[in-house]
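Below: the structure, in structure tokens.
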Amino acid sequence: MFPRDFWLYLASRFCSAAAMMMLRAAIAWHVFALSHSAFHLGLVGLVQFVPVLCLMLVGGALADTYDRRTIMMLAQAVPLACSLALWLATRSGLASLPLLYATVVAVGVAWAFDSPPRAVTIAATNQALAFTTGPALCGWVIAAADVASVYAVQAGLIAASLVALALMGTRRRAAAGGVVSLAAIREGLAFVRRNPVVLGCMSLDMFAVIFGGAAALLPIYATEILRVGPRGYGLLTSSLELGALVMSLALTILPPIRRAGVALLAAVSVYGLATIVFGLSRWFPLSVLAYMTVGMADQVSVLMRGTAIQLSTPDALRGRVSSVSMIFIGASNQLGAAESGFVAALTSAPFSVVSGGVASLLVLGIVAAALPELRRYRIDGAAA
């Protein structure tokens, strides 16, 4: 039986993650509505990446030194303020691309400090459910009201997350040193560099998603290619996380995966193939199914990578190593959005998605050939 604080923590993470996904989906829709430009959708990803690159390692070191709950509460206050500002500006007709980009930067800074380590399977299922709920709710609210209302609902979710965190019991943690130093950050980087399996998992996931990500182009697919409107946009955006949720639940029922390296490589191959199908599809049900398959494959990759990191990292280093992992994840998501948006601006959205899926398969072949340790890796540590 899990303690009360554990459920409060999960509730907080659910509300926070759903709110973050709502905000990202709303900003992408809002940016495209104002610009009608794939280039600007790619620029959103690039703007998101800069604060992650600069601050994620600092956030991890802080998590190893100070109370993580306090850091999370301070970090979540930033997107709460941003959501309220966007709500007021949109209702007043003052929303603009510079304001949206400034919001992306501010939220990116906060996110660098709001990514603490977590239990792998249960929290991954909770997160997948939140990631599914957020975009679907975004599309429904836009269709039923307007994008300004999305910002108001998102602010309410963050407020609920802060309440859950405030109700958690205070628990003092022993500080490793009391200060955040460059030496502490370098120690986390050195650990990742010395571990070929952890480094291989992070690298494969990063490059596969950079080339294969299609999330930034979903407003174009929903409005110009599939022509399904805001509700279809919400369903299309949430289908990735719905697939992740289905796979996460399946993995809690099925026997544990032991040959994690093989499972990871197989998942990335399915990820690339499903991305190609999504890029070529002009039928909405097939597009949703293909994007769900992308999410299912990505969830296997997430769980294999997360398990390897959790099992391989001492608790004293976990915040720093997790922050390195989050940089890889941030790079894959944000740089992937930039890559797909810029390529689509030069060519077309379908070409960007299909070529990205092909590139993901090429990356898979290179990593599988270069890192035999990754192919042989097992959860129980035995050789294949």
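Looking across region 192-237, the residues that are in a loop (DSSP other than H, G, I, E, B) and more than 26 Å from V262 (Cα to Cα) come down to L226, R227, V228.
Whenever a residue of region 332-356 is farther than 15 Å from I220 by Cα and open to solvent by less than 10 Å² (accessible area, probe 1.4 Å), its partners that are among the acidic types (D, E) and part of a helix (DSSP H, G or I), lying with C-beta atoms within less than 7 angstrom and at least six residues away or across chains, give the pairs S332/D205.
Quick one: which helices (runs of 4 or more DSSP H) sit completely within region 49-163 and have at least 1 residues that are modelled with pLDDT of 85 or more, open to solvent by 50 Å² or more (accessible area, probe 1.4 Å) and basic (K, R)?
Per the criteria, 68-91.
Considering only residues in region 253-293 that are in contact with a helix residue (DSSP H, G or I) (Cβ under 8 Å, 6 or more places away or on another chain) and among the aromatic types (F, W, Y), the one that is surrounded by the fewest Cβ atoms within 10 Å (Cβ to Cβ) turns out to be F284.
The values are calculated or read from the model by the stated rules, or taken from the named source; none is laboratory data. The model shown is predicted, which means the values in this text are computed figures rather than measured ones. Note that we place each Cβ from the backbone using ideal geometry, even for glycine, and neighbour counts take in every protein chain shown. SASA here: full protein model, heavy atoms, side chains in, ligands and nucleic acids out. Shrake-Rupley method; radii C 1.70, N 1.55, O 1.52, S 1.80 Å.
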